[in-house]
Amino acid sequence: MSTDPTHPAHPAHPEHHFRFHLPHLHLGSAFGDDWLALKAEAFARFFGTPVFLCAQTFVVAAWITLNAMGVVKFDLYPFILLNLAFSLQSAYAAPLILLAQTRQADRDKAHAVADAQHREALAAAAAQRQILAAEQTSQLLVLVEQNTRLTELAKQLSHRIEALTLELHGKLCRGPEAR
């Protein structure tokens, strides 16, 4: 990224596409941007992936199958230990998911504000272009009117020159006796 604010790639440049997001860069997340918050959010996002759901389904199916068939006997039929594992998972998953949703909501809000500022800037620029177009149109109308007057004056002068030329030609071509 360029450090020169006049360079088009610099975020502060007037034409950079993220220039409306700059005022929100100082905002920290409600839960911070430290290692723990980032990892917790990544973990919470992992809970909704197909990989996690398939892996959990496989572990639960293997747990129930091995204990029901008697291959292992550490958690027999009402599967109390499995229920405890699910409760523990839920106790950690719910706050992590809420944390991820809150962080995403903060990001969405900052982007929405930046987008609103961008739309306002676009509307202001469009209004300025309309005003400029109206001014230029009125200037063009004045110029067209002046051009029309000049054309009419040139036409009148051309007729006057033609008349004077014919008069002069008539006096010069009559000969010395008619003078």
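The values are calculated or read from the model by the stated rules, or taken from the named source; none is laboratory data. What you see is a predicted model, and the numbers here were worked out from it, not measured in a lab. When we count neighbours, we look across all protein chains shown, and the Cβ atoms used for this are built from the backbone with ideal geometry, even at glycine.
Data table
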item: Meets criteria (exposed (fewer than 11 other Cβ atoms within 10 Å of the Cβ) and either touching a strand residue (DSSP E or B) at 6+ places or on another chain (Cβ under 8 Å) or not acidic (Asp, Glu) (or both)) for Ala116; result: no
item: Among the residues listed as Leu36, Leu53, Leu25, the single one being modelled with pLDDT under 80 and either surrounded by 11 or more Cβ atoms within 10 Å (Cβ to Cβ) or within 24 Å of Asp115 (Cβ to Cβ) (or both); result: Leu25
item: Given (1) in contact with a helix residue (DSSP H, G or I) (Cβ under 9 Å, 6 or more places away or on another chain); (2) at pLDDT 80 or above; (3) in a helix (DSSP H, G or I), index of the condition Val72 fails; result: (3)
item: Single residue of segment 59-96 satisfying the filter (under 43 Å from the mean Cα position of the chain (by Cα) and of a type outside the set (Gly, Ala, Ser)) that is surrounded by the most Cβ atoms within 10 Å (Cβ to Cβ); result: Leu96
item: Check on Glu167, of a type in the set (Asp, Glu), modelled with pLDDT of 95 or more, assigned to a helix (DSSP H, G or I) and surrounded by 10 or more Cβ atoms within 10 Å (Cβ to Cβ); result: no
